[in-house]
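For reference, the structure is listed below as structure tokens.
The values are calculated or read from the model by the stated rules, or taken from the named source; none is laboratory data. This one's a predicted model, so the numbers in the text were calculated from it and none came from an experiment. Glycine also receives a Cβ, built like all others from the backbone with ideal geometry; neighbour counts cover every protein chain displayed.
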């Protein structure tokens, strides 16, 4: 029995080590670690449990060597995977200017049964968010019959917008100047837009990203239920192939975004649906020294935002210029989407009273 425990524990530790490669190995070179990275929080917890078990057993300390090495190598990543509360930022004057952001994948304002959400419910939600800037993904363009634009603009602070014609990414605020955009051809479903937004703390360069979708959620039905084993195996193979393709495209998008962040003349706020986890190459590439992860700075716990077929994943983010202070960040109720929105408040790092 002890030998079986040792074998299983070491296999879990090796699997976790394989997943740790995802941060550093470009998916164009080798993408399979990206799949394991999705499970990394659970694998590291199991590795830690096995480490404690090994250390408490006489003459079994050798079992602890591999899990100890794996956990040591994972240490730089732990704060991204398991955020813990930090000390409050330096006290801000009560009247110091602040800017509230909200981001969320709206799933075309359809519920789980693909029925359109009532416009009044959408309007009520956006008013309740109290956002100065809304960074939205999967929102219908104005050319669509039922587009919800008026519902979003029920909050009087969200009267200006940037949304490339025919695409599903939109940034709303009081005063917005479009800068550029980049979408994946041919359908331009995924990509990002860049806007300069005038706020109470000055001009902010807001990057709204909906990075390449994995497009595997719908396939999960194919590996459940009454499907035959060969059909399930075929579906699983297509899921892996699709995930590998999406991972490679996200890495390219991350390169583009990193360049935009590094060359921005204004403080940057990057928000949106990355379709990838903090242990991924995409996240590691985007988080330049200029950006801080708002959840790591002011959140606590896993911070999972996805509630769909693969729940428990943190794939929605706010990454904020280090010249700004993250005052607070919270996850909101998902309402109609399978993503939990994020609401964040930022201020100037050395804000003064008005």
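A few notes on this one:
- Hits in segment 300-326 - residues which are closer than 20 Å to residue 211 by Cβ and touching a helix residue (DSSP H, G or I) at 6+ places or on another chain (Cβ under 6 Å): 303, 308, 309, 318, 320
- Residue satisfying condition, being in the same structural domain as residue 105 (by TED's automatic domain parsing), farther than 25 Å from residue 29 by Cα, surrounded by fewer than 14 Cβ atoms within 10 Å (Cβ to Cβ) and at pLDDT below 95, within set 222, 226, 237: 226
The rows are residues; the columns are (1) assigned by TED's automatic domain parsing to the domain that holds residue 325; (2) in contact (Cβ under 8 Å) with a residue 40 or more places away in the chain; (3) surrounded by 13 or more Cβ atoms within 10 Å (Cβ to Cβ); (4) in a helix (DSSP H, G or I).
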position	(1), (2), (3), (4)
9	no, yes, yes, yes
25	no, yes, yes, no
49	no, no, yes, yes
88	no, no, no, no
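- Conditions (1) surrounded by 13 or more Cβ atoms within 10 Å (Cβ to Cβ); (2) more than 30 Å from residue 308 (Cα to Cα): number failed by residue 43: (2)
- Test for residue 72: is it without any contact (Cβ under 8 Å) to a residue 12 or more places away in the chain, more than 17 Å from residue 278 (Cβ to Cβ) and part of a helix (DSSP H, G or I): yes
- Meets criteria (over 22 Å from the mean Cα position of the chain (by Cα), within 30 Å of residue 349 (Cα to Cα) and not assigned by TED's automatic domain parsing to the domain that holds residue 204) for residue 92: yes
- Residue 125 vs. criteria outside any loop (DSSP other than H, G, I, E, B) and touching a strand residue (DSSP E or B) at 6+ places or on another chain (Cβ under 6 Å): no
- Some residue of segment 274-287 being out of contact with any strand residue (DSSP E or B) (no Cβ under 6 Å at 6 or more places or on another chain), touching a residue at least 60 places away in the same chain (Cβ under 8 Å) and closer than 30 Å to residue 95 by Cβ: no
- Any strands (runs of 3 or more DSSP E) falling wholly within segment 283-354 and containing at least 2 residues that are under 13 Å from the mean Cα position of the chain (by Cα) and surrounded by 24 or more Cβ atoms within 10 Å (Cβ to Cβ): 316-321
- Odd one out for residue 105 among (1) assigned by TED's automatic domain parsing to the domain that holds residue 204; (2) within 30 Å of residue 16 (Cβ to Cβ); (3) touching a helix residue (DSSP H, G or I) at 6+ places or on another chain (Cβ under 8 Å): (3)
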